[in-house]
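Worksheet for the structure shown next.
Values in this text are rule-based calculations from the coordinates and carry no lab data. Everything numeric here is computed off the predicted structure, so don't read it as measured data. Neighbour counts run over all protein chains shown; Cβ positions are idealised from the backbone, glycine included.
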Amino acid sequence: MKFLVLFLLLVSSVHAKLNIQHWMTPEGAKVLFVQTKGLPILDISLNFDAASGKEGEKYGLASLTNSLLGSATQYRNEEQIINAFESLGAQFSGYSLKDMSIVSLRTLSRESILRKSLNIFTEVVTQPSFKQKYLTRAKRQILQSIRAAQQSPSSIASIAFNKAVFGEHPYAHEAIGTQDTIGNITTKDLKHHYQQFFVAKNLIIALVGDVSKVKAKQIARQISHGLNIGQKAKANPVVKPLNDAQDIHIDFPSKQTHLLIGQTGVNRSHPDFYPLYLGNHIFGGSGLTSILSGEIREKKGLAYSVYSHFSQMQSNGSFTMKLQTKIAQANKARKIAVQTLNNFINNNIDKQKLQDGKDNIIGGFALQTASNANILTYLSIIGFYNLPLDYLDTFTDKIKDISTQDIQNAFAQLINTDKLVIVSVGQKIKNNGK
Amino acid sequence: MLKKLILLFFALSQPLFANSLDLAQQGITQITLGNGLKIIVKTDRRAPVFISQLWYQVGASDESRPTTGISHMLEHMMFKGTDNYGAGEFSKIIARNGGNDNAFTSKDYTAYYQKMHKSKLDLAIKMEADRMRHLRLINREFEKERQVVIEERRLRIEDNPNAKVFENLNLISFDKKGAYHAPIIGFQGDLETYRLRDLRDWYKRYYAPNNATLVVVGDVWADEVIALAKKYFGIYKYNPDIAKNNKPAIVHTGKSRVLKLKAELPFYILSFPVPSLKTTKDKHNAYALDMLSYILDNRLSKTLVREQQIASSISVSYSLYDKYNTLFTLSFTPAKGVDNPIVLSAIKTQIAELIKNPAVIKNELARTKTQLEAEFVFEQDRISTQSYYLGMLATVGLGIETMFTYVDKMNAISTHDVAQIAKQYLDFSQANSVELIPQGVK
């Protein structure tokens, strides 16, 4: 493969005219729906504001709560649930990030199948039973995942980076939790987390597929009706800007040094969202054609994968440059990456590059919503982050008039290259050139 | 190399048109130009976009030392300029026209693609046609890209313990004189030493219309695609010198290897030599093996991971669509504190039970068939998945009809067939294995 393809749920970008319908259920869940024809499929994504940002000191609680959905209900045990979904050909899944705790269903939309798969899905989400034996097993699985992360230089770097950038903020810890915090979590904690956060007012329902609006309303109603009404979760604390540069090295017996360089970023409602989006696209977000890839890979052959990224979340996320290179040239790559960022902020962006970046985003916009799965992700993001419903329709308009000055101002205001967090994971080089 | 996306969608089926092989009914047109270029078009008008892929019938299975990895290296160099465009310009032009592009190399093929708005079809086909014959291989670009690929190898394999296990499994399971022995990305020593001339030879030998298939899926008209293909590819001559490769896999059995690596988690894989759909004498057997892989994956996850909790993960896999004889693999990470022999013995018990009493899988078999039918419909959601299967099946020589008969073939498999095929192929005395014993990362 020419370059590494990234699957990042939180990357934003967008499409052409989509007819998004929206309403609230009587219990207070927000619903976004797009009817698509051509394939007899329905996708449902339930996005609860119930992820690791909301779990307090019990790191891993949100993720465990999500992972036990589907293990048992008041009426069925695990094998019965699995068999029920499988015998309908329906796909049930759940995962918990830092903002969103997601439970989803993909099913055929034929009435006889849809009704049954929706019933079992509703039961799993609204009437879970948190059993000790499944919690014990899930904890063991998570401890294995933590060990798996410990043998991956990329994971080690990312964990250290988040810790350094987010400090006291809940984004500082990983959604799966830590060895120390997992042990003490009880089924009572899970029930409590569920009762507080898996409630209608704290839920965004995204629906995409071949069903009518009337049907979609029934579906949303059925799900939300089974939940407590509850309260919307409180907003996260504010992410504090970094006071100082941090240079963190972690020794690891790998052939490559993994480098993460960055800072605190922005949230989705930041006034400079669009200039930063376009700027990052040009700087390091557009694969081999980006400036960063040009300097590190195309001109010097220093790395296979090199890119930059804004994580866009409820609270300010992070800005990150990421690359891996053999130990001996790690310092060189690091210098070039920082220098490239400095140049980008301080010098005029090439006119052609600006135009190319815009043309790529605008001309390829239809690709962003070319599948039901893509549309589902956008509905979830729009609903969860309270973006305007015309977010997709106006996206290209917002991009097209941005000037190089807009981008530079936005970057200069946000990023202080004297206060970068730099994490390197790999073998230490003698004589430690900084 | 790498098919991250593709591995998530490894089964196909077709419930809606199960009895029909009429490709036109599926919106598919298939023709071959006079110079041998195959063209497959599938219309899908759900969005005003298309994917255009060009597949070459050459991959790692055609390589041998000292030029392993050369198909993949050439794939990288295909972005480094032609007589008409400078290095990197291909991707830049596609990008400023709203597209994204990439490529992938595997055992039996190398493929390139562009995803774009439907108004850019002409550009995509024109650019792809240009680099079929006008690649300019320059040493300066090659030396940089060699380093990039070596970094890619470090990232994907050298620093990834489980990837090393898979690499070693192929080393012991396939003879070096045949296919599938060497890694797709190549041995480090070969990557460091081959020369521009080797790439040039590879390019000249395999990049010709009669060794390629153009697949376009999306909001396009078949006539329009064919006309553009004729315009841009039609000028190239049929190349009579393409050696019809026949370097089948030569399988070794009863081999094992232990890897002590800087890692935290143990990992164990064992493999059984099996035919693929392409090489089997009786196609029914290949589908039975495919069904066996689903049933076992499911059954072992249930018993060993969820119930007994002696493994933290387990995976069963069979490469139905490989060009040559292949492997049926079982891999697992034991639960903490559990030794591999305990897991292995539990696996054997489950397989023995299935062979002795096929009725135990009756319900699982029915559910699996239902899932495969639904999954086929789900897979139509992505044009890239659709074009992948069309291009891959055409390139390995199975024919794209294979895609539409899959569900019927799988539905015809009985519990007895699954038991029988397990008995025939899962002979533990012949199995190969690679065991990773973690040494910690300190």
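Values computed for the structure shown
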read-out: Computed [θ] at 222 nm, helices only, for the protein assembly as shown once each DSSP H run of length n ≥ 4 contributes -39500 (n - 2.57); value: -12000 deg cm²/dmol
read-out: Average projected area [Cα convex hull, chain A], square nanometres; value: 21.0 nm²
read-out: Cβ-based net charge around B:Met403, under 12 Å, with every Lys or Arg adding one and every Asp or Glu removing one; value: -1
read-out: Rounded D (µm²/s) - region A:2-225, Kirkwood Rh over Cα pairs, Stokes-Einstein at 20 °C, 1.002 mPa s; value: 114 µm²/s
read-out: For region A:384-394, Karplus couplings with θ = phi - 60° (6.51, -1.76, 1.60), whole Hz, Gly/Pro x; value: 5, 9, 6, 7, x, 5, 8, 3, 5, 5, 9
read-out: Residues B:Ile242, B:Ile31, sorted so that the one with the fewest Cβ neighbours within 10 Å comes first; value: B:Ile31, B:Ile242
read-out: Three-way shape call for the protein assembly as shown based on the alpha-carbon gyration tensor, with the a/c threshold at 1.5; value: rounded
read-out: Per-residue HN-Hα couplings for region B:165-170 [Karplus 6.51, -1.76, 1.60; θ = phi - 60°; Hz; x = Gly/Pro]; value: 4, 5, 4, 5, 4, 5
read-out: Folded to 0 to 90 degrees: helix A:213-225 orientation relative to chain A principal axis, Cα; value: 90 degrees
read-out: Charge sum, other residues only, whose C-beta stays under 13 Å from B:Asn325's C-beta, Lys/Arg counted +1 and Asp/Glu -1; value: +2
read-out: Spread of Cα-to-Cα distances over 5 Å intervals beginning at zero, given as percent, for region B:258-343; value: 3, 15, 21, 20, 15, 13, 9, 4, 1
read-out: B:Leu292, A:Leu18 arranged by Cβ crowding within 10 Å, fewest neighbours leading; value: A:Leu18, B:Leu292
read-out: Amide H contacts of A:Tyr307 (H built 1.01 Å from N, under 5 Å, at least 5 apart or other chain); value: A:Lys322
read-out: Rough spin-label spacing in nm, given labels placed 7 Å along Cα→Cβ, for B:Ala366 and A:Gln127; value: 2.4 nm
read-out: Between region B:179-203 and region A:309-336, the alpha-carbon center distance in angstrom; value: 31 Å
read-out: Integer Hz, Karplus 6.51/-1.76/1.60 couplings in order for region A:403-412, x for Gly and Pro; value: 9, 4, 4, 4, 5, 5, 4, 4, 5, 5
read-out: Chain B shape via C-alpha gyration tensor axes, a/c threshold 1.5; value: oblate
read-out: Three-way shape label, region A:243-336, alpha-carbon gyration tensor, a/c 1.5; value: oblate
read-out: Sites B:Ser315 and A:Thr394, calculated FRET efficiency, Cβ-Cβ separation with R0 56 Å, nearest 0.05; value: 0.80
read-out: Cα-based helix-to-principal-axis angle, B:139-153 vs chain B, degrees rounded to 10; value: 20 degrees
read-out: Neighbour net charge for B:Leu169 - beta-carbon separation under 13 angstrom, K R +1, D E -1; value: +1
read-out: When each of A:Lys335/A:Lys428; A:Lys133/B:Lys356; A:Lys98/A:Lys234; B:Lys38/B:Lys176 is checked by Cα-Cα distance, pairs over 25 Å; value: A:Lys133/B:Lys356; B:Lys38/B:Lys176
read-out: Footprinting exposure proxy for B:Asp219, B:Asp427 (fewest neighbouring C-beta atoms within 10 Å first); value: B:Asp427, B:Asp219
read-out: Calculated on alpha-carbon atoms, Rg and Dmax of region B:256-438 in Å; value: 17.2, 48
read-out: Inter-part distance where region A:225-242 and region B:262-338 are each reduced to a Cα centre, Å; value: 43 Å
read-out: Extension gain, B:Thr193 back to B:Lys176 (0.36 nm per residue minus Cα-Cα distance, nm); value: 4.2 nm
